Structure formats: structure tokens, C-alpha cells
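Data first, discussion second: the structure below is written as C-alpha cells.
The values are calculated or read from the model by the stated rules, or taken from the named source; none is laboratory data. Just so it is clear, the model here is predicted, and its values are computed rather than measured. No Cβ is skipped: glycine too gets one built from the backbone with ideal geometry, and neighbour counts run over all protein chains shown. Protein only, heavy atoms only, side chains kept; ligands, DNA and RNA dropped before computing areas. Shrake-Rupley method; radii C 1.70, N 1.55, O 1.52, S 1.80 Å.
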Amino acid sequence: MTKSVHRFYTELKPLHYELQLTPDAKSMTFSGTVVIRLKKTGRPSQRLTFHQNELKVESARVIKHDKKGSQELTVQRINNQDTLNEVRVHTAEMVYASNYEVHLNFKGKITRDMTGLYPCFFNAQKKEQVLLATQFESHYARDVFPCIDEPEAKATFHLTLITPPGLELLSNTPIEKQTTLPDSMVSTSFETTPPMSTYLLAFVIGNMHNISSKTKRGTDVSIWTTTTQPLNALDFALDVAKRSIEFFEDYFGVPYPLAKIDHVALPDFSSGAMENWGLVTYRERALLAYPGKTSQSARELIATVITHETSHQWFGNLVTMRWWDDLWLNESFADLMEYQAVDALFPEWQIWESFSISEGLSALRRDAMPGVQAVKTNIHHPDEISTLFDSSIVYAKGGRLLFMLKAYLGEEAFRRGLTDYFTAHAYGNTTGNDLWKALGKSSGHDVAGFMNPWLDQAGFPVISVDQTEQSVTVGQAHFLENGETSDGRLWPVPLFTDGKSLPDLLTKAELKIRLSTGTRPLLLNQNTLGHYIVNYIQPTHHDYLIELLKAKSVGVIDRLMLLNSASMLAKAGHQPFGEALKLLAAYADESSESVWTMIALLISEAVRFIDLDEQLEKPIKAYVGSLVKNEAKRLGWDEQADESSADQKLRATILSLGAYAEEQAIVNEATKRFADYQADPENLNAELRSLVFGVPVKNKLKGAFQYLVKLHDETNNADLKSDIMSALTMTKDPAEAAILLSRLKNAPIIKPQDAEYWLILLLRNRYVRNVAWQWLVDNWQWIEKTYARDKSYDDYPRYAAAICNTKAWAEKYTQFFKPKLGEITLRRNIVIGLTEIDTRVKWLDRDLGSVRSFFKS
Ligand code: BES
Ligand code: ZN
């Protein structure tokens, strides 16, 4: 299929929108008028076509402006082509290339699917209240007004909203004028925006309150939330938001161009956050931090989300990709920049370690799957746009590639290139090559030649290093998790090695180099700067690494990445999985939180074998129990004065592993702390909340399940709700799981934005996996109806594939998902899922013996 999406911008170039909207939350409808000033180019025809979706355009006027003056054309017919997502205004006269002004009146519906214009629900004084908000990325502006809904079609916007009195109103720019109309409705106009893409336009209407501050340069920064939330839950976000703007102004060397920036927590929100220019929207959990009740990990999440969206104010908003195939220009950059900024704002957090864990592992693991997409991917149908937002690829891998590029060019040249890029393309659109040009100029490197193979090709190489006394052979081959090799694709691989023996870049498939005698074993990809894994062939090389590990002369990021490589190489058949587990012996007194997160991941992989042999459960638990003993003792249950943020997080990881291992002391303490919490909810470290709630659920402590369900339904704290979800979904009782599942479609209790996570967690829980799967099968129509337009829709085949470990589950998956291959949005993840499961089933089968013997000894 080589069909491509028809691009309207080639014929119509909008310059300005004069947009007025009157939403009515009661009838869930809106009406509007828009005047679009545009330039028609290309061949003349008798119609003008705009994007729209489910709107009814009722009347239209077309006025031509040229040197000779103004002339109104005769509108013959308005054709709302719903299936094509467009509206055609047919005129009696020819529409020649010229300037036009098009007036359209239209009506539309406010729908609940969290795109276009949609309602958010929240309770204030036990009364349900509604707030109206917009979500226009990727192509939902057309749900609210007829427009040229393509990122390249930048225009200025002057928005007027007609609303009932007494509400707060926010849009991209400050309020310009507010007047009360004769019917006591309020008309609010916002200042005209700079030229920008339609997907970045936004507004929010409702009962909200805020706190504010000003940046050094005088930009107004505000954080908003519904009136049910306490204002002090906004303090943390305000500090981060303000300092983020200051950081990026300095880092990019380009000032933030708007007068203000608002950040709003919305009770209903499909993704994590959205970077609308000057009006960033969030799900509550990604913005609100309740003093004393928010964990370090939650604060890190909030900070990275805020810096991510703030970086988009430059990457994405000021300079925008020409078309969605270069989405990575937005998201890969924001992925990298969120860490760059957080590292500057909170140096004590060691956030680059989290970058390796969160982005590095996710990118490598996903990118090793056959069928995965490249960072830069063409799209052939609008429905494919949402599938581009693969968090492991366009975010994690793209972010890792830019990180690699930054390391390769050096920070100085990288920053200078970015400043040039923003200056040259401000308010414009670009492709990757524009960026490569700027970075090439600042660094003197052939950046396009270096980066394009990484962006255009799916996958990454495994670099083999075969070193003997006299020589070393370094080779590259496409790494696939099923052990197959592909078409011989190559990458320019920066070797990031020490000494002078090897060149900076490996561009060929293989390179053999003579070594002077006594050369130490070479280490490649130091600090894991590159997006690839290394396979050291000689056993002596392995021994050397283990020596280094034991002597603690390997940095944190390399320590965790060595474990990851061992695991990935094992799964691909290069060595038995038991060998990867044996490597753990070299981590005997590990105390890094990041490395422990990797260890926990490795253990979760070993746990998969229990699905094949239940006898393994006991020895695995015993092993895990002994593994965490020292750290559990060092950390204890209570936060120590001046302890590092890493230790706060590590405590939760270690104690959770201990609880998994059913270490009696840990189980008892968790149970006790659960009782303490019930007596006094102030009495619990938020970092340990899901653990302390989860243990009683797993053990069916009387009343625990009911208590937590009630707490979940009553609290307004989305972070607490999420911890309760983690705990409740740990149940081992299928009947309790069924109760949880029966609540998923009940929107007042569990918002559609969260239902997905409940289901995924229950699917991951092997005790209740069957009921969860059955629910998925039985309720697929609801899932489709609720999420089909959402970018989370293709999560279902993706996360379902991740839980299948046996032939029986492979069959279930195939039976259910294979018939859905025809669905454009699901196809890729089903194809990947099928091979992924096949690979995993074979791997578990192949390595069961090796794992058995590891845990026996
Ligand atoms: N632009 C995206 C959000 C988005 C993407 C909305 C596609 C609708 C369609 C935003 O910048 C983003 O990337 N959000 C992330 C969170 C971020 C911190 C990784 C998200 O929502 O997952
Ligand atoms: Zn983003």
C-alpha cells in the first residue's frame, strides 16, 4: 500500500483564523463561526476544501481579495464529506490562485472521547461538575472548527468564547477583552496568537483556581487545577515550570516568545500531558504533588513531564515538523530535553541514570523485536498517525539517538547548532535535514550521514568484540530478539572506547586491527552512550568484566547495561539464560537504585519460567529473599535524615522484592503499617504506599480489599488512586479480580483514561490472568468504542502480547488478535505481538533447563 494522505496545504495556505465558539455543556453541543483568511495556490477549481470531522457546516461565504479589490463568489453547495473528514464549499465561479476570506457557520458535538472539545468530570461538594477542555493533537482541531488541520499550515488565531458567567477561561494567549452580553453570557477574546499549527490551539473553561509566579524575564507562569484540589498541591509544579522556562531560554539561547504559560491539571485526560503553546494540559497525576503525600518517584514523574512539555514550546511549537513522519523532531527531542532540564534543576537526582533505565531499556528491548517501526516512519492513512507515538521508539529510541549524537558532537557544538536552528526556523516548519544542517555547521561533522541510518532503519546492531593477544575483530550485525539476522543493514557506530586502538566510528560490517602485546581487553560503548549492545566473544573478556564489576570499577549505567545485554543476548540464543543470572553474583553488594531496577527486571524475566514449571516458584522466591537481605537491612522501613533520593526509591524496590519473596519480617511490617495507615492516613511514606496496600490484598487480610476500594472511590488524589490500583490488582483471588473488572466500564468510578491500566495490571498477575483475559475478549466492543480514536488503542495488543509465556497463551492471543490484523491502528502491534510471543515461547522452552539448574544450586 503506497497510498499517501492527501495534503490540503499544497493548495490552501491559511494565514489567519477569526474563530468564535459557543459551547453548551448541558446539551453537549457547540456552535461556531470562523473566518479564514487564506491564500489559494495551484490549479483553479470550483471548490475550497477544509478538514472537518462530524461538524455540520451550515452556511458559507467566499470573498476574493486581489489587486482589483474584493469580490464575493456564489456558494452553490456545501458538502460535508464525513467519511473523508472534509467539507467542500462549491462555488459557481472558478477559484483562482489569490487571497480569499472564507466565512463558515457550523455546529458540532462535545464528545466524551477526550479528543476535540470534551468534558472533564469532577466532584465538588458531592456534586458532579463539568469542565470543558480541548485536545487537538494529532488531528482533532477539525472536530471543533473547519480548518487546514496539518502541522505545516501555520496561521495566527484570534479566538472568542461565549460562555455562561462565573467561569475561568484559558487559551494559548492572555485574555484580551471580556464583556457581558445582553443575555448575560460572557464573551471572552484572547490575544492573537503567533503563527502556529492547529494541533497546538487549546482552551479550557470551568471552575478552576491557580497559583502564579514570574520568570526572570517576566513571563507569567501559572498552575491551575479544579476547585476541588488544594492549592498547595501546585507548589512543586510551579517551581519546576518556572525554572524550566528559564533553563530552556538559557540552554537554547532563544527566549520564550509568549507573555504567559499556564499548566492545567485536567480530571479527564487521555495521555500524560499535551504541550499546547502557552496552555499545557496534564492528567492530574502528572502535575499535582500533595505536600507530604507525594513520593520521590511521583515528583520525578511530574518534573520530567513538565520539562518535556516545556521543551516542546521550542521543539514543536516554535519550530514544527513539516509532516507527521518527522514526529521525532518533536517527541525524540522532548524525550531527551526532559532529562537535560531535570538534571539542571535537580542535580542530586542523578536523572541520567533514570534516562538509561526508562528510555534506554525500553528502546533496546522494543527495537529488538522483528516488525518494529523506525523512528522516522511514513504514514499512508490518518489513522496511522496515532500509531507513530510508540513510546519506545519515537520517544525512547529517538531520545537515545539524540543523546548519542550529543555525545558524538560534544555539548557545545550541539547547543550552538540548536540555537541556529531555532533562530533560522522560528515560526516555521522543518524536516530532519534542516536540523542536521544546523548541527553540521556548528560541529563540522556530516551529521545527516551519521544520523539518517539510525533514524531510517528499524533496529540496532550488536557489536561483537573478539579480542586475542595479537588482534581484535570488531563486527556489527542487526540484533533481533529471535536470534535471526536480517538483510545485513549497517549503521555508523560510534565505538565510545578508551585508548587509540580503535577508530571513532565503525561503518563496515567488520574490522580487524592488530594490537600491541599486553593491550588490555577493550571496553566499548562506555557509559552506554550508544544505542547498541556489545557481545564480548572471548571467555577471558567476560572474566575481565566480572573482575571489574567486583572491584567496583564499572559505572552505574554500564553496570546495569551489562546485565541487560546478558539478558538480551540470552533470549536471542547467544547464551543460556542461566548465564545471565549467574552474572548477578558479581553484584553482591550493589546499592545503586538504578542497577536494582535492572535486577528486578531480570528477576521478572526469570519469573516467567514459573508459567512453565510451578515448582520453580519456591526456589525463585528463596533466591530473591537472599538477594535483597543486605539492602533491606541497610535501608530499613523509615526514611533517614539526609538520605539520597535514590535510596528513597530503592527502599520501595527492595522491600517490594522482599514482599514478593514472602520474607516474613517484611510481610509482617507491611501488614502492621497498613493498620497504622487506617488509624492515621498521615502515617505512611508515599513511596511505600503501593507495597503497604498490596501485601494485605495479596494475603486476603480481612476487610483490606473493601477498605481500599472505598478509599479509591472517595479520594480526589489521583496519585493515591493509582497506588491503590497497583495494590488491588495484586489480588490472587479471581473473584476479587472479577469485582475489579466489573467496575472498569463504570466511568464515574474508574475514568476511561485509567481503565486500561487496571486491565493491564490484572493481565500481568498470573493468578487472575484468565479472568482478565476473558474480560478483554468479552468487552472488546466497548474497548473499541471507547479508545479507537485514542493513541492508547494499540496498547491492547501490545501489552497483551507481553504477558503470554506458553503455547496455550500463544494460541489464545492468535485466535483473538489475528482476525483484527485488518485494523490499521492495530496491525503493527499485532504483527509484532505474534512474533514476540513465538520468540518468547521458544526461548522459555529452550532455557528452562538452564534456569532450573541455576535455581537448584
Ligand atoms: N505531544 C504529546 C502528547 C500527545 C501525543 C497527545 C499524541 C496526543 C497525541 C506530549 O508532549 C507527550 O509526549 N506526552 C507524553 C508524556 C511525556 C512526558 C512523555 C504522554 O502523554 O505520554
Ligand atoms: Zn511530547
From largest to smallest, what semi-axes in whole angstrom does the range 550-596 give when each is the square root of 5 times an eigenvalue of its alpha carbon gyration tensor? 20, 11, 8
Provide, for q = 0.08, 0.12, 0.20 Å⁻¹, the log10 of I(q)/I(0) from a solvent-free Debye sum over equal Cα point scatterers in the range 1-144. -0.27, -0.56, -1.24
With all pairs of different alpha carbon atoms counted, what Kirkwood hydrodynamic radius in Å does the range 697-806 show? 14.3 Å
Relative to the compact-globule estimate 2.2 N^0.38 Å (N residues), the Cα gyration radius of the range 224-293 stands at a ratio of 1.17
Using the heavy atoms of the protein chains and a 1.4 angstrom probe, tell me the accessible area per residue for the range 1-76 in square angstrom. 58 Å²
Calculate the dipole size of the chain relative to its Cα centre from +1 charges on Lys and Arg beta carbons and -1 charges on Asp and Glu beta carbons; express the result in debye to the nearest 20. 1400 debye
When only alpha-carbon atoms count, how far does the range 424-509 stretch along each of its three principal axes, as whole angstroms with the largest first? 56, 34, 15
Tell me which chymotrypsin sites (Phe, Trp or Tyr not before Pro) from the range 447-515 have a DSSP coil assignment and no more than 14 other beta carbons within 10 Å of their own. none
Just check the range 269-377 against the gyration tensor rule for me: Cα atoms, a ≥ b ≥ c as the square roots of the eigenvalues, rounded for a/c under 1.5, and otherwise prolate or oblate depending on whether a/b exceeds b/c. oblate
In whole percent, the Cα-Cα distances of the range 774-857 spread across 10 Å bins from 0 upward as 17, 44, 23, 11, 5, 0
Are there any GluC sites (Glu not before Pro) in the range 24-81 that are in a DSSP loop and have at most 16 other Cβ atoms within 10 Å? List them by number. Glu54
Sorted by chain and number, the residues with a modelled amide H under 5 Å from that of Thr320, at a separation of 5 or more or across chains, are Gly428, Asn429, Thr430
Take each uninterrupted DSSP H stretch in the chain, measure its Cα extent along the helix axis, and return the ones at 30 Å or beyond whose mean Kyte-Doolittle hydropathy is at least -1.0. 824-856
Given H placed on each backbone N at 1.01 Å, which residues far from Asn535 in sequence or on other chains put an amide H within less than 5 Å of it? Ile463, Ser464, Val465
Semi-axes of the range 130-274's equivalent ellipsoid from the Cα gyration tensor, sqrt of 5 times each eigenvalue, largest first, rounded to whole Å? 24, 21, 16
Length-normalised contact order for the range 457-542 - Cα pairs under 8 Å, 6+ apart - percent: 37 percent
Of all accessible surface on the range 321-449 at a 1.4 Å probe, what whole percent is carbon and sulfur? 47 percent
Under a 1.4 Å probe, what is the accessible area of the range 304-393 per residue, stated in Å²? 20 Å²
Amide H neighbours of His16 under 5 Å, at least 5 residues apart or on other chains, H built in the peptide plane: list them. Arg37, Thr156
Let me check I have the definition right: for the range 750-805, take the eigenvalues of the Cα gyration tensor, multiply each by 5, take square roots. What are those semi-axes in whole Å, largest first? 18, 11, 11
Just the accessible area per residue of the range 577-653, please: how many Å² with a 1.4 Å probe? 42 Å²
Over the Cα atoms of the range 54-126, what radius of gyration and what Dmax do you get, in Å? 18.1, 63
When a/c is below 1.5 the answer is rounded, else prolate if a/b is larger than b/c, else oblate, so apply that to the range 359-513 with a ≥ b ≥ c taken from the square roots of the Cα gyration tensor eigenvalues. oblate
Which whole number of Å³ per residue matches the convex hull of the alpha-carbon atoms in the chain? 170 Å³
Relative contact order for the chain using alpha-carbon pairs under 8 Å, separation at least 6, rounded to a whole percent? 8 percent
